[in-house]
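Nothing in this text is a laboratory measurement; each read-out follows from the coordinates by a stated rule. Predicted, not measured: the structure shown is a model, and the values here were computed from it. Cβ coordinates were reconstructed from backbone atoms using ideal geometry, including for glycine residues, and neighbour counts include every protein chain displayed.
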Amino acid sequence: MLAGKSVTIEKAGKPLVDLVLHQDRPAIIGALRGQLEYDDETFDDPDSSMSSMFYGDP
């Protein structure tokens, strides 16, 4: 596998898993900048639907 080849693990002649050499990709910081919107004033407020799932309806 270190020579750039992949390895296939089979069971009863059927391929199950392909092992390939990992290729490192750099992280892209800020990739969604300008694409997401949120309200600064209510961002940290509890979500009423989530609260009802955990604590029941008031």
Self-check item: Efficiency of FRET from Cβ geometry, K5 and A27, R₀ 22 Å, rounded to 0.05
Solution: 0.20
Quiz item: Looking at the chain, which trypsin sites (Lys or Arg not before Pro) are DSSP coil and have at most 15 other C-beta atoms within 10 Å of their C-beta?
Solution: K5, R33
Exercise. Provide the per-residue ³J(HN,Hα) series for the stretch 11-21, in order, calculated from phi with Karplus coefficients 6.51, -1.76, 1.60 and θ = phi - 60°, each as a whole number of Hz, with x at glycine and proline positions.
Key: 10, 6, x, 10, x, 10, 9, 10, 9, 10, 5
